[in-house]
Amino acid sequence: MVGSPTDHLANERTFLAWIRTALTIIGLGFVVAKFGLFLRELATRSPGPSSSTSEYVGVFLILAGSALVGIAYNRFRLTHDDLQSGTYTPRTGMELLMTGTLVAVGITLAAYLIVTG
């Protein structure tokens, strides 16, 4: 049994939602990294905390968002193939990975803000 057109369209919408999420994470990473550069510029004018942590977190978010694009495409293809063969089973690995990653990044950013005051 081949998946119905609505199943395939739902798979495509899900893929596009993951792409939007990835673009948002990449954009957040860019903002965090640029904010670190802004802090470094301020530090040259007055003593203050180092901004290297925000740059590392920003770069990590950019790389994580970029990796998410590849992971999302792989999941899209797997779901497409499952729908074609009639053997679809839900997967939760990507949701678990993204939840864990974003919780870790959120805790890291919160700790950074607390430490740098």
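The values are calculated or read from the model by the stated rules, or taken from the named source; none is laboratory data. These figures come from a predicted structure and were not determined experimentally. We place every Cβ from the backbone using ideal geometry, glycine too, and count neighbours over all the protein chains shown.
Taken together, TYR88, TYR56, TYR112 contain a single residue that is farther than 17 Å from LEU23 by Cα and part of a loop (DSSP other than H, G, I, E, B), which is TYR88.
The residue that is modelled with the lowest pLDDT, among those in region 100-117 that are more than 18 Å from ILE26 (Cβ to Cβ) and surrounded by 10 or more Cβ atoms within 10 Å (Cβ to Cβ), is THR116.
Annotation: PHE76 fulfils all but one of (1) loosely packed, with under 15 Cβ neighbours inside 10 Å; (2) closer than 19 Å to THR21 by Cβ; the unmet one is (1).
Note on region 86-99: among residues that are at negative phi and touching a residue at least 12 places away in the same chain (Cβ under 8 Å), the one that is surrounded by the fewest Cβ atoms within 10 Å (Cβ to Cβ) is ARG91.
Within region 72-99, the set of residues being acidic (Asp, Glu) and modelled with pLDDT of 90 or more comprises ASP81, ASP82.
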